[in-house]
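Taking it in order: structure first as structure tokens, then the write-up.
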Amino acid sequence: MAGLKTIILLSFILAIGFLLVILSSALFHNFLPLLVVATYVLAPVPNWICGRAQSNDDFMDGGSSSIVELGRFLTGFLVVMGVALPVVLAHTEQIRYEAMAMSIVGGLLIYTTIISFTLFFREQEEF
Amino acid sequence: MSSDRLFRFPKPQWLNSANSRTAGVYLAGGLFSLSFFLLIDAASFSKSLKNASDFHMNFVDWIPGIFSALGMLVINSIDKTRLSGDTFAYSGDGVAWKARVVLFMGFAAMAGGLAGSVTVMVLKYVVPEAGFPTLWMGVANVMANALVMISSAVLWVSQNMEDDYTYNLAL
């Protein structure tokens, strides 16, 4: 069964991501990098909300209404914010550059997991 | 459709797919976020310990960014189908003309933002001969406004793809 292996792999990646982010905070006794997790957890939320607002019954208009594009715009904003926030914090010496690198990598792993889970479950819903 | 085209070269075919439109919208959001955080970075650099000079960001540095964001909002809140109003019979009473005026004001606000950021950089940081770590506040301002402009252009192009895509689908 391929689905079980996928879930195990994704949870493994999620755990590594959280490990990296928490280490980047706890190693230097500075818990500002935890903001990255909040950003990446919030990142798919505009897409979900605006996807609900879309009228699904119109086939011709599929995926092209402006409210959906607003949601995509905000999601893109939040994804880049997850990378830009540690860079800004490191540039102004609020956190160290090692913590910046670890939190960026960990945050990207967490976000990849969230996106993969969404795709995975959407694919199962259709059948 | 192909006879009354304005430009000599056709658009590349990959621009007409739905996926590239979605990617364009995501890219526009990312570019806008990048420009926003460049401004935030300059402001927090101005307050941080690394800024040993007498130069600080105040409200003057924020005005071009505000104008650029306002122009982007105006441009992208216009319905693009209203611009070609002369082909539609129902859009009388100069709707296309009004849309073009509002669009012009949006573009003027955005170009004014970019020009204003260059002005702020030159008058505030280059003319008093600020060195590089201080000059970053001006450079980041110009980069942020240019990125707002690029993001707006990407969003414009990817919203105009929509028409061709739905047209192809309707056929």
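When region B:46-69 is filtered for residues that are of a type in the set (D, E, K, R) and assigned to a helix (DSSP H, G or I), the ones remaining, listed by number, are B:Lys47, B:Asp61. Assessment of region A:98-110 against the conditions (outside any helix (DSSP H, G or I) and among the acidic types (Asp, Glu)) yields no matching residue. Does B:Met137 satisfy the condition of being over 29 Å from A:Glu69 (Cα atoms), assigned to a helix (DSSP H, G or I) and open to solvent by less than 40 Å² (accessible area, probe 1.4 Å)? So B:Met137 fits the description; yes. For region B:19-63, the set of residues classified as modelled with pLDDT of 90 or more, open to solvent by 20 Å² or more (accessible area, probe 1.4 Å), more than 17 Å from A:Ala90 (Cα to Cα) and at the interface with chain A (Cβ under 10 Å from one of its Cβ atoms) consists of B:Tyr26, B:Leu27, B:Leu31, B:Phe32, listed by residue number. Checked against the criterion of being touching a residue at least 24 places away in the same chain (Cβ under 8 Å), surrounded by fewer than 20 Cβ atoms within 10 Å (Cβ to Cβ) and either out of contact with any strand residue (DSSP E or B) (no Cβ under 7 Å at 6 or more places or on another chain) or over 22 Å from A:Phe73 (Cα atoms) (or both), the candidates B:Phe132, B:Phe107 yield just one match: B:Phe107.
The values are calculated or read from the model by the stated rules, or taken from the named source; none is laboratory data. What you are looking at is a predicted structure, and each value in this text was computed from that prediction instead of being measured. Counting neighbours? That spans all protein chains shown, and the Cβs are built from the backbone with ideal geometry, glycine included. Ligands, DNA and RNA are excluded from the accessible area calculation, which covers all protein heavy atoms including side chains. Shrake-Rupley method; radii C 1.70, N 1.55, O 1.52, S 1.80 Å.
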